[in-house]
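The values are calculated or read from the model by the stated rules, or taken from the named source; none is laboratory data. Just so it is clear, the model here is predicted, and its values are computed rather than measured. Don't worry about glycine lacking a Cβ; one is built from the backbone with ideal geometry, like all the others, and counts go over all protein chains shown.
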Amino acid sequence: MEFRAEARYIRVSPQKARLVMETIQGRRVEDAMNILTFTKKGVAPDIQKVLRSALENANYLSTEKGLDVDVDSLYVKRAVANEGPRMKRIRPAPMGRAYRYQRRMAHLEIVLAERSKQNGGATVVEAGTAAAATAGKKPARKSKTAKPARKKTAAAAR
């Protein structure tokens, strides 16, 4: 079961938000909260608010809807900062000119999931994540034992 929360039109660059989002992805919710509490980035309180909202969504479904959710075994499955609309602005420049610049916005999304307990209490992450990690790697290079190309001599070039 997945529990998600989203904050849209946050006035921060998506690139800056991704820096903080990558630090909490894959961590337990408690660890992610501690990381966000002590992170010195300006976007950290906004991300912590979204994380707390996703946790409350999970808590609500476990109490009100009767789902069996262990809140202590939740982890951050996905933390994404997508690009929102850009505000185009104009800055005065020398000699009566104007320079255009853009103020960026981000859409923050956090998805929580429950780790399954199997194999005598060992935690098992989804099987798709290991396959995806190996699929993103580049294939191995060919060994250097192959024959090198023959060099042309001056007589053969004529």
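On the given criteria, is K77 at pLDDT 95 or above and surrounded by fewer than 16 Cβ atoms within 10 Å (Cβ to Cβ)?
Here the answer is no, as K77 does not meet what is asked.
Can you give me the ranges of the strands (runs of 3 or more DSSP E) entirely in segment 1-120 with at least 2 residues that are touching a residue at least 24 places away in the same chain (Cβ under 8 Å)?
2-10, 74-83, 106-114
If D68 satisfies every condition in (1) at pLDDT below 95; (2) among the charged types (D, E, K, R); (3) surrounded by 17 or more Cβ atoms within 10 Å (Cβ to Cβ) but one, which is the exception?
It is condition (3) that D68 fails.
Do we find a residue being within 15 Å of the chain's Cα centre (by Cα) and over 27 Å from R103 (Cα atoms) anywhere in segment 76-89? Spell out the reasoning first.
Within segment 76-89, the subset within 15 Å of the chain's Cα centre (by Cα) is 76-83.
Now drop any that are not over 27 Å from R103 (Cα atoms), which leaves 76-77.
Scanning segment 76-89 turns up at least one residue that is within 15 Å of the chain's Cα centre (by Cα) and over 27 Å from R103 (Cα atoms).
Among residues belonging to segment 1-41 that are touching a strand residue (DSSP E or B) at 6+ places or on another chain (Cβ under 8 Å) and farther than 20 Å from N82 by Cβ, point out the one that is surrounded by the fewest Cβ atoms within 10 Å (Cβ to Cβ).
M1
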